[in-house]
Each structure stands twice: as structure tokens, then as C-alpha cells.
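The values are calculated or read from the model by the stated rules, or taken from the named source; none is laboratory data. Quick caveat, the model's predicted, so the values are computed rather than measured. Every residue, glycine as well, gets a Cβ built from its backbone with ideal geometry; the counts of neighbours run over all protein chains shown. Heavy atoms of the whole protein, side chains included, go into the accessibility calculation; ligands, DNA and RNA do not. Shrake-Rupley method; radii C 1.70, N 1.55, O 1.52, S 1.80 Å.
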Amino acid sequence: MTTLFEKIGGQASVNAAIDPFYRRVLGDPYVSRFFEGVDMVKQAEKQRTFLTMAFGGPHNYTGLDMRKGHKHLVHEMGLNGTHFDHILAHLRSTLAGLGVGEDLIAEVVAVAESTRADVLDL
Amino acid sequence: MPDITFEGITYDCTADETVLDSLTRHGVLLPSGCRSGSCHACKVKAIKGKPPVASQAGLRGPLKEQNYFLACMCKPEEPLEIALADASDKYCATVIEKSWLNETVTRIRLSRPEGFSYRAGQFINLLRNSDQLARSYSLASIESDDFLEVHIKRVPDGRMSNWLCNELQQDQEISFFGPSGSCFYVQGKAEQPLLLAGTGTGLAPLYGIARDAIRAGHTGPIQLFHASHSAEGLYYSSELEQLAADHTQLTCTACVLQGDMPEGALSGAVDTAVVNKLGDLAGYRVFLCGDAPVVELMQRSFFFAGASMQDIYADAFAFTPAG
């Protein structure tokens, strides 16, 4: 059986997606304020982990990590479902821009969607 | 099986064990997180022996070159002596030369202590022995120089910088820790274009990195930008001019935010000026040094102009408030 991670092209696809995805997110004034004042290189590493996870690759992030990592953004900066939707849209456009097919995009977005409750501390 | 030495004690490691597992089994707890090579919390350094390639996957070039590796991913193939990531030795050096480079920047050259090795662009922490006050300064010298060179910006009421600029005397001894930092040139991709941009004494590490890259045989274009609030803040103009004259791949450009401009200088904000001059930055390897807000601005602007985040190396200077 082929896993999602294999189908999408593994680590090479994460590497290809990371810059365009991060550019889209930082360039979106609706969500960019959540990334201000953070170390961009460290943030890019976090994006890598996020993309690896969404692509179905090996990771060790638990729901609890997701919850802890975003808690201050939710309760102090007002991170909400609309912001989450923006990130998913950027994920979708990034993959489309790299020529990933609709079926695979839907699978990736579904994995990312599954973190919503943890990220938003619901 | 290869042994692991940490803080003077040697531990055995079984065939299927990682460094992290082995040390944990012996009751030595390293910082750790995901245990799968993602979070980099267990990053340590091999000070003797070579870590396996798999344990360095995902680390950036400069860290690999310094033998950093992830303890959770390392099944050692040979005996390793390891140290925590931030461990550095203390050295003692003599002041061999002091001179002002402009109204507020002093150059200090130190004798090079035996056994001290570094990469051009790294920094050291100078120490005032009387009260153990310490501050970081980037090295402007390169490995083949027989001295260490730092550029000290005199901060109004700054305790360390005023002491270094005004009180420290030639022939006096001074201690330091180091080297630290990962903003340096790594060999490979000799044809890749390089962009070096910095403000104020951010020129110090960039001057070292440029000379280091040239010495390593870098053939691709090297674009160096020295930015300052006003023309008075620039220095080393003739040194840069000479270096560029000797090495055709190097171009040096000053950038001044406001006021009078030297001939050939760009005006305005450095991030915009660089992008206007160079255009698309895709494929560039980028080194940024100097005041933190400007470094962060350039990092962002150059990333948007096409540079890959993986290829941007930044050393943002933190200025400690006076007091």
C-alpha cells in the first residue's frame, strides 16, 4: 500500500513546498501578525514539521503539543477559525502551484483540518 | 560497541542504541523532545569522532561542519566524545593593535591564542576580568590571519564598549569565550551568487566571510552591501575597494539611509535598495549581520524577493541597554 507521504513525493515535496507556503502565509496581512517578532528560521523549521505532518510523513507531534504551541495565540492574540481557514487556503494554493493533483490536495488538507480543535484550543 | 564520552565519563552504547538512549539508560539526561529528528532539542556536538551522516539530516551546513548532530538519531559508528551545543572554551589573548575606524567604531586586534580555531563570521564573547562583564563581538579576521580582529561600536554609556574603546590598552591581556555562531561560509556550490548585507559593525563578520569565500575559491559573484544611517557610520571603504579590485567576483556597495552620500552609494532603506539593484534573489546564498531590526527586515524582504529560507544565514546583533 502506498502512503500519502509516498504518493506526494516524500521529504523532497516538503522541501519544495516550504518556501512558497511560508511566503504565502507571511504575505497575507490577515494572518501575518501571528508571525511577527519570531525567529524566521525557527519558524520555517516549524512550518517544515507542519507540512511533514500534513503530508502524512513521520513526525512526533501530538495533539497536546499543537494545543500548547498555539494556546497563547488563541487566548492573547485572538487566533480563530477564520485564521485557520486562511492557512488551509494557503496550503491548498501552495500545492496547486506545485502541480499536486486535486485528490492528493484534498487528502493533505483533511490531515491539516484534523488539527483544528487542538490548534484553536476548542 | 563504540563508547560515548560526555563530561569526562565514558559510557557504553549497545548496537541498536542511540546516543540519547544510551545516556538516558546511564542516568545522564540530555535536553530532548520529539526523539524523531524533528525538534532538534537534543542537538549536541561531537568534539572527538565523526557523527554518522544520518544523525545530521536536517541540520544546516554550518552546523554539520562543526560536527553538531541529533543525539536521538545517532547510532555511533565510532567512539564519540560529545559536548552540549553551547559549550565553548575560555582563551586569553593580548591586545596587539587598537585604532579608530570612524568616530564611534574601534578596531581591536588580538594575538591569536594557541589552539583557538574558528570560522570567519563567528563571534567571541569578550570578558572583562574585573567584574566578569561579557559581550559578544564578531570576528572580522579569517583563519589564515595571525591575529583576531573585532570592531567595537562605542555605545553611549555602554559599559563594555567604552571600556574596550577607551580604557583597554595595547599589550594588555583579555579573556574570551568562543567561538559561537553559525553565520559563516561553507564550501561547495562555488558558483552560487552570494549576497552579504549588514549595518554598522555588521561589516566585521561580512568582511571575514567575503575574504573566507574568496580564499576558498568561490567563483560566483559576491555582492557586499554596507549600510549605515549616515555616511559617518561607514568605514573600511578603502579596504573594501582594494579587496574588490583584487578579486573581480566581489562588488562592494555602500548604502546610506539619509544625508550626504559617498560616490557610488545607494540611498534609502537597505533592503529595498538591494532588491532594486539585484532583482530576483532566487538561488542566492545570503548572509545578514548587524542591528536586529534591520537584519529581520532584510531577512523578510530578501525571502520575498526569492531567496530560500534555507539559504539565509543571519546574525542579528543584540545591543545590551546601558546601565
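All told, A:Glu6 meets the bar of being assigned to a helix (DSSP H, G or I), more than 11 Å from chain B (Cβ to nearest Cβ) and open to solvent by 20 Å² or more (accessible area, probe 1.4 Å).
For region B:223-323, the helices (runs of 4 or more DSSP H) that sit wholly inside it and include 3 or more residues that are touching a Cys at 6+ places or on another chain (Cβ under 8 Å) are B:237-246, B:270-278.
Considering only region B:267-300, state which residues are polar (S, T, N, Q) and more than 11 Å from chain A (Cβ to nearest Cβ). Scanning region B:267-300 gives B:Ser267, B:Thr272, B:Asn276.
May I ask you to verify whether A:Thr115 is of a type in the set (Ser, Thr, Tyr), in contact with a Pro (Cβ under 8 Å, 6 or more places away or on another chain) and open to solvent by less than 50 Å² (accessible area, probe 1.4 Å)? The answer is no for A:Thr115. Scanning region A:48-90 for residues that are assigned to a helix (DSSP H, G or I), within 14 Å of chain B (Cβ to nearest Cβ) and either within 11 Å of the chain's Cα centre (by Cα) or crowded, with 19+ Cβ neighbours inside 10 Å (or both) yields A:Arg48, A:Thr49, A:Phe50, A:Leu51, A:Thr52, A:Met53, A:Ala54, A:Met66.
Filtered by the rule that a residue be open to solvent by less than 40 Å² (accessible area, probe 1.4 Å) and in a loop (DSSP other than H, G, I, E, B), region B:130-154 gives B:Ala140, B:Ser141, B:Ile142, B:Asp145. Checking A:Ala117, A:Ala106 one by one, the residue that is of a type in the set (A, V, I, L, M), over 11 Å from the mean Cα position of the chain (by Cα) and closer than 18 Å to A:Gly57 by Cα is A:Ala106 and no other. Apart from one condition, B:Ala307 fits all of (1) within 19 Å of the chain's Cα centre (by Cα); (2) within 14 Å of chain A (Cβ to nearest Cβ); (3) closer than 26 Å to B:Gly58 by Cα; the exception is (1). Which count do you get for residues in region B:85-115 that are without any contact (Cβ under 8 Å) to a residue 60 or more places away in the chain and under 21 Å from B:Ala134 (Cβ atoms)? Number of matching residues: 9. Residues in region B:211-228 that are more than 18 Å from B:Ser141 (Cβ to Cβ), open to solvent by 10 Å² or more (accessible area, probe 1.4 Å) and in contact with a helix residue (DSSP H, G or I) (Cβ under 8 Å, 6 or more places away or on another chain): B:Gln223, B:Ser228.
Do any residues in region A:93-121 that are closer than 24 Å to A:Arg67 by Cβ have Cβ atoms under 8 Å from those of residues that are among the basic types (Lys, Arg), where the two are at least six apart or on different chains, and which pairs are they? Taking only residues 6 or more apart or on different chains, the pairs are A:Val109/A:Arg92; A:Asp118/A:Arg67; A:Val119/A:Arg67; A:Asp121/A:Arg67; A:Asp121/A:Lys71. Restricting region B:105-117 to residues that are outside any strand (DSSP E or B) and either modelled with pLDDT of 95 or more or within 16 Å of B:Asp171 (Cβ to Cβ) (or both) leaves a set whose member that is most open to solvent (accessible area, probe 1.4 Å) is B:Arg112.
Condition test on B:Leu127, is it assigned to a strand (DSSP E or B), more than 26 Å from B:Pro221 (Cα to Cα) and either open to solvent by 30 Å² or more (accessible area, probe 1.4 Å) or at pLDDT 95 or above (or both)? Criteria not met by B:Leu127.
Of the residues examined, B:Cys34 is not one that is away from chain A (no Cβ under 14 Å) and crowded, with 16+ Cβ neighbours inside 10 Å. When region B:66-99 is limited to residues that are open to solvent by 60 Å² or more (accessible area, probe 1.4 Å) and within 22 Å of the chain's Cα centre (by Cα), the one that is farthest from B:Asn162 (Cα to Cα) turns out to be B:Leu84. Here B:Thr248 meets the list (1) within 22 Å of B:Arg107 (Cβ to Cβ); (2) without any contact (Cβ under 8 Å) to a residue 12 or more places away in the chain almost entirely, failing just condition (1).
Scanning region A:37-47 for residues that are open to solvent by 20 Å² or more (accessible area, probe 1.4 Å), within 8 Å of chain B (Cβ to nearest Cβ) and under 19 Å from B:Ser36 (Cβ atoms) turns up just one, A:Glu45.
Does region B:198-210 include one or more residues that are surrounded by fewer than 23 Cβ atoms within 10 Å (Cβ to Cβ) and either among the basic types (Lys, Arg) or outside any strand (DSSP E or B) (or both)? Within region B:198-210, not a single residue is surrounded by fewer than 23 Cβ atoms within 10 Å (Cβ to Cβ) and either among the basic types (Lys, Arg) or outside any strand (DSSP E or B) (or both). Contact annotation: residue pairs with Cβ atoms under 7 Å, 6 or more positions apart or on different chains, pairing a residue in region B:271-294 that is over 18 Å from B:Met309 (Cα atoms) with a partner that is assigned to a helix (DSSP H, G or I) and among the small types (Gly, Ala, Ser), are B:Gly290/B:Gly200; B:Gly290/B:Gly202; B:Asp291/B:Gly200.
Among the residues of region B:1-29, which ones are among the hydrophobic types (A, V, I, L, M, F, W, C) and either surrounded by 18 or more Cβ atoms within 10 Å (Cβ to Cβ) or in a strand (DSSP E or B) (or both)? If the condition is that a residue be among the hydrophobic types (A, V, I, L, M, F, W, C) and either surrounded by 18 or more Cβ atoms within 10 Å (Cβ to Cβ) or in a strand (DSSP E or B) (or both), then B:Ile4, B:Phe6, B:Ile9, B:Cys13, B:Val19, B:Leu20, B:Leu23 are the ones that fit.
Would a scan of region B:167-189 turn up a residue that is without any contact (Cβ under 8 Å) to a residue 24 or more places away in the chain and either open to solvent by 10 Å² or more (accessible area, probe 1.4 Å) or more than 24 Å from B:Tyr68 (Cβ to Cβ) (or both)? For region B:167-189, residues without any contact (Cβ under 8 Å) to a residue 24 or more places away in the chain and either open to solvent by 10 Å² or more (accessible area, probe 1.4 Å) or more than 24 Å from B:Tyr68 (Cβ to Cβ) (or both): present.
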